[in-house]
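Read-outs: derived from the displayed coordinates by stated rules, not from any lab. Because the structure is predicted, anything quoted here is derived from the model rather than measured. Here the Cβ positions follow ideal geometry from the backbone for every residue, glycine too, while neighbour counts run over all protein chains shown.
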Amino acid sequence: MFGFPGLSGLSDCIFGDWRPQIGDPEITGWLTVVSYVICLVLAIMVLRRQPQGAARGLWGTIAAIMAFLAINKQLDLQTALTATGRCLAHVQGWYDQRWLVQIAFIAVLVLVVLVALLVALRSLSGQLHANGLALLGLAVLCGFVLVRAVGFHHVDRLISMDFANIRFNFWFENAGLVLIAVNAVLLLRRGRVPRRAEVRRSRP
């Protein structure tokens, strides 16, 4: 029942449901990709300031997530993952019980995200005032990813509704990116002030 199919047959099945193509060709999709890239660049700039302790880990994680999600936004890799699971379910004979695997996968995903955020919150206890917006933005972004991964019908319908002729999922996703970008800009501005003060003091 749980044997593994040949790679050729599995790939044929996956590519029957998914193709590596632009997943969201609309202007809002490309704007979101640009937002991810901007946040990636800002996170790298913050890392170059060599933040201490947990803050360095936070911004390193943000940079990695921004890079992955920027690529995933248009390649639609989660659809490839769904297609892989569907093909395995058919070949291994557990398609009728797939909801058990889906629930287990979602539960593990939610648990991992919650534990990671709680660990980050505890680790940043002394630096939360300087990095809190970024952590909140990351939490919002994780919430968006979880909502998309869970794929509840009514939730999908809600975030697909329009506000100002733009779907809620655009506002939801980019709200987290804005928080991360604002926090990065504040840190970078704060990082420049001491050096300017030092230059003034060094003048005769």
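Among 56-66, 76-86, sorting by the average number of other beta carbon atoms lying within 10 angstrom of each residue, highest first, gives 56-66, 76-86.
For the pair ILE38 and HIS129, label points projected 7 Å from Cα toward Cβ lie 2.8 nm apart. Extending 7 Å from the Cα toward the beta-carbon at both VAL101 and ALA89 defines two label points whose distance is 0.7 nm.
Computed FRET efficiency, Cβ-Cβ of LEU121 and THR61, R0 22 Å: what is it to the nearest 0.05?
So the FRET efficiency works out to roughly 0.95.
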